[in-house]
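As structure tokens, the structure follows; a few thoughts come after it.
Each value in this text was obtained by applying a stated rule to the coordinates, not by laboratory testing. From a predicted model like this one, the values you see are computed outputs, not experimental measurements. Using ideal geometry, Cβ is built from the backbone for each residue, glycine included, and neighbour counts are taken over all protein chains shown.
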Amino acid sequence: MATYRIERLNKEFLRRISDLLLCQVKNETAQEAVLIEVNCSRDLEHAKVYFTLIDASRLETVMDALKSVAGTIRSMLGKQMHLRQVPELHFIYDDSENKAREMDALLDSLSIPKNNQEIEIK
């Protein structure tokens, strides 16, 4: 369980990384990522940055672009935030939305009797 300080840092990292990707980073491919969540380790060595894409077919190119700008974003964060250590950023694609759509489609495909119909128990 994350402490209150880590939770605040996670929110601040998410806000700052989003701003940096939008305004400071010149790589347009990296700007296609929609950031969802940041999870820092307790010692602030590593931070997992979860993102999703509108067009999932461009996952590989966007992932490569994010990996290439991770060091730049980390150095910009170090200049903006007054922390002893700025975590190393690891970008992770979050496909939970796609899994939820598949689950909805599976549930919709089930034939469940309506409330008006009685279910026969054998």
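Of the residues making up the stretch 30-51, those that are small (Gly, Ala, Ser) and closer than 12 Å to Tyr93 by Cα number 1.
Restricted to the stretch 82-110, and to residues there that are under 21 Å from the mean Cα position of the chain (by Cα) and assigned to a loop (DSSP other than H, G, I, E, B), the residue that is surrounded by the most Cβ atoms within 10 Å (Cβ to Cβ) is Pro87. Cβ-Cβ contacts under 8 Å between residues 6 or more apart (or on different chains), taken from a first residue in the stretch 71-89 that is closer than 14 Å to Asp19 by Cβ to a second residue that is part of a helix (DSSP H, G or I) and of a type in the set (Asp, Glu), are listed as Met81/Glu12. Look through Ala65, Ala47 and report the one residue that is out of contact with any Gly (no Cβ under 6 Å at 6 or more places or on another chain), surrounded by 14 or more Cβ atoms within 10 Å (Cβ to Cβ), within 26 Å of Arg5 (Cα to Cα) and of a type in the set (Gly, Ala, Ser). Exactly one of Ala65, Ala47 is out of contact with any Gly (no Cβ under 6 Å at 6 or more places or on another chain), surrounded by 14 or more Cβ atoms within 10 Å (Cβ to Cβ), within 26 Å of Arg5 (Cα to Cα) and of a type in the set (Gly, Ala, Ser), namely Ala47.
Taken over the stretch 10-29, the criterion of being more than 15 Å from the chain's Cα centre (by Cα) and over 13 Å from Leu89 (Cβ atoms) is satisfied by Leu22, Cys23, Gln24, Lys26, Asn27, Glu28, Thr29. In summary, Thr61 fulfils each of the numbered conditions (1) out of contact with any Ser or Thr (no Cβ under 8 Å at 6 or more places or on another chain); (2) part of a helix (DSSP H, G or I) with the single exception of condition (1). Are any residues in the stretch 32-58 part of a helix (DSSP H, G or I) and either closer than 20 Å to Lys79 by Cβ or of a type in the set (Ser, Thr, Tyr) (or both), and if so, which ones? Answer for the stretch 32-58, where residues must be part of a helix (DSSP H, G or I) and either closer than 20 Å to Lys79 by Cβ or of a type in the set (Ser, Thr, Tyr) (or both): just Ser57.
Scanning the stretch 50-60 for residues that are surrounded by 13 or more Cβ atoms within 10 Å (Cβ to Cβ) and more than 14 Å from the chain's Cα centre (by Cα) returns a single hit, Arg58.
Within the stretch 62-98, the residues that satisfy the criterion of being under 17 Å from Leu14 (Cβ atoms) and of a type in the set (D, E, K, R) are Arg74, Glu88, Asp94.
Tell me, please, whether a residue that is under 17 Å from Pro87 (Cα atoms), over 14 Å from the mean Cα position of the chain (by Cα) and surrounded by fewer than 17 Cβ atoms within 10 Å (Cβ to Cβ) can be found in the stretch 30-41. Yes; the residues of the stretch 30-41 include at least one that is under 17 Å from Pro87 (Cα atoms), over 14 Å from the mean Cα position of the chain (by Cα) and surrounded by fewer than 17 Cβ atoms within 10 Å (Cβ to Cβ).
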